[in-house]
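The values are calculated or read from the model by the stated rules, or taken from the named source; none is laboratory data. As the structure is a prediction and not an experimental result, all values here were calculated from the model. Every residue, glycine as well, gets a Cβ built from its backbone with ideal geometry; the counts of neighbours run over all protein chains shown. Heavy atoms of the whole protein, side chains included, go into the accessibility calculation; ligands, DNA and RNA do not. Shrake-Rupley method; radii C 1.70, N 1.55, O 1.52, S 1.80 Å.
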Amino acid sequence: MNETLVTLVGNAATAVDFRDTATGPTARFRLAVTPRRWDREQQAWTDGRTSFYTVWARRTLAVNLSGSVSVGEPLVVHGRLKVREEEREGAWKTSVDIDAVAVGHDLTRGTAAFRRVVRADPSLTSPTHRQKPATEMVSVS
């Protein structure tokens, strides 16, 4: 089966909505992607039209997203593109979803400190708590 894999660079437009469902953990958030182009006539950078995507994550990625991503943070999202069209109140609406394979912070716009999840410590995977700072974590060999 052919799938369309895409990589998007943008900002988290909404908080991560985490749910522990019967089929396992699921998370979603909206990603805003605004292209920037150099305008030769004005000699300045200009923003294009912002596109919004709903990013879906499952299992471990969903749990880790809930403790790692906040609104406004710059992200890189890689996943399967899903385009849906549906009729609502007589008008057709198009929705674009990304079934995420990987999500990370965009390090061209800041720094990050990676913290490997220790499965024995439930506070590190709790969707309601942010992960502990690296100085408070127990090292793992």
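Results, tabulated for the structure shown:
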| quantity | calculated |
| --- | --- |
| Extended-chain gain in nm, criterion 0.36 nm per residue less alpha-carbon gap, Glu3 and Arg40 | 9.6 nm |
| Estimated inter-spin distance, Thr94 and Lys82, nm [label 7 Å along Cα→Cβ] | 1.8 nm |
| Label point distance in nm, Val71-Asp106, each placed 7 Å from Cα along Cα→Cβ | 1.9 nm |
| Region 1-35: trypsin sites (Lys or Arg not before Pro) falling in loop per DSSP and having at most 12 other Cβ within 10 Å | none |
| Carbon plus sulfur fraction of accessible area for region 1-66, probe 1.4 Å, in percent | 46 percent |
| Burial order of peptide ranges 99-110, 32-43, 73-84 (average beta-carbon count within 10 Å, highest first) | 73-84, 99-110, 32-43 |
| Gain on full stretching of the segment that runs from Arg116 to Arg58 - 0.36 nm per residue minus C-alpha separation | 19.1 nm |
| Estimated inter-spin distance, Asp47 and Thr14, nm [label 7 Å along Cα→Cβ] | 2.0 nm |
